[in-house]
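Derivation of every value follows stated rules applied to the coordinates shown; laboratory data play no part. Worth saying up front: this structure is predicted, and the values here are computed from it rather than measured. Quick reminder, even Gly has a Cβ in these numbers, built from the backbone with ideal geometry, and neighbours come from all protein chains shown.
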Amino acid sequence: MYHLINDKRAALCKAAFAAYRPASRKGWQAGMLFLLPGLVGFTVFFIWPFIISVGYAFMDRPVGGSFVGFANFADLLTNRAYLLGLRNTLRFIGISVPINLALSLGVAMLINRLNRYKGIISLFFLIPLVIPSGSMVSFWRALFALDGALNGFLHVFGVERINWLNSDLAMFVMVLIFIWKNLGYNMILYLAGLSSIPRDYYEAAWVDGAKPWQSFWYITLPHLMPTTVLTLIMSIINSFKVFREIFLITGAYPHESIYTMQHFMNNMFASLNYPRLTTATTILVVGLAVFTQVLLRFERKISV
C-alpha cells in the first residue's frame, strides 16, 4: 500500500517537473532575449574598450608599440602628478563619503518619522539629481568667487575675503558640492531600508525598556547593513563623478588640494599619453572591484 502511494507521488512529481521545465526554459529564453540588446551594447561600448585599454597599459605606445611588461605601472607609481591625484582622491572619499552617509541616514530617519508631507520633503532633497551640472556652474562660481556672495556675506561680519577655489579650502567646496548632489539619492535608499524593518522589533524593544539609542544600535543599524553597503558602494562611485562640476568651475589644472585622479587622466587623454592613461584606469578599476568584493563579503558575513 505504501509503495503504491510513494510510486504515485513520484509520478506526480515527475509530471509536475516535466510540465514546469518547458515553461521555465521558455521564460529563460524570453528573459535572455530582452537582456540581449543591453548586453551587446554594454559589451561593445564598455567591456571591449576596457579590454583594449588594459592591453595598452602593457605597451610603450598605442600604435606600433612593443610589450614593456609592468614598466608603465612602475613609472606611474613614481609620477608626482598621479600620486598627488591619488592622495587627494582618497582624501576626498574619506571625508565626503562618511559625512554623506551620516547625513543621508539622519535625514531619512527624520523623514521616516513624519506622518505628513513625506513625499514633498523627499522631493525637495531629490531636486539636485535632476539639475544639470552645467547649469549650476555659474551658481557655484558666484557663490565661492573672491568677490562672490559668500565672501560678501562674511565681509559684513568683518571677515576678510577668502579665496575658496584657489586655496586649501577648495576641498571644502568639493565636499559640499558632492553632498549637495548625492544626499537625496542616498536618502531614498535609506528610506527604502527603513521601511523594510518590521515595527514589531521596535515595539518589543520599547516594551523591554530599550532606549532610543539602543534601538538604533541593535535594531536599525544591523537591519540597514545591506542598504549601507549598497549606499557606500554607490557613494564611492558617485564621488568620481563630482569631477564634472570641479572641472567646469576650476578647469583642467585646479588648486593642488583638489587635483584628483580624474584631472590626471583627463590631462593624459588631452596629451594623447594613452599608456599612462590606460595604466591609471586599470589600477582604478581593479582597486574598485577588489574593494567592492571585500564590502560584499563583509556584508554577507554580518548578515549571517
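Model label points for Arg300 and Val286, set 7 angstrom from Cα along the Cα-to-Cβ axis, are 2.3 nm apart.
Among Phe298, Phe92, the order by Cβ neighbours within 10 angstrom, fewest to most, reads Phe298, Phe92.
Springs between Cα atoms under 10 Å define the GNM used for the chain, and in it the highest mean-square fluctuation of Gly94, Gly119, Gly85 occurs at Gly119. A DSSP coil position with no more than 11 other Cβ atoms inside 10 Å describes the following chymotrypsin sites (Phe, Trp or Tyr not before Pro) in the stretch 155-211: Phe157. Residue by residue, the stretch 102-116 carries 3J(HN,Hα) couplings of 5, 5, 5, 5, x, 5, 5, 5, 5, 5, 5, 7, 6, 9, 9 Hz when phi is fed to the Karplus relation 6.51 cos²θ - 1.76 cosθ + 1.60 (θ = phi - 60°); x denotes Gly or Pro. D by Stokes-Einstein for the chain, Kirkwood Rh over Cα pairs, 25 °C, 0.890 mPa s: 102 µm²/s. When only Cα pairs below 8 angstrom with a gap of at least 6 residues are kept, the chain shows a relative contact order of 28 percent.
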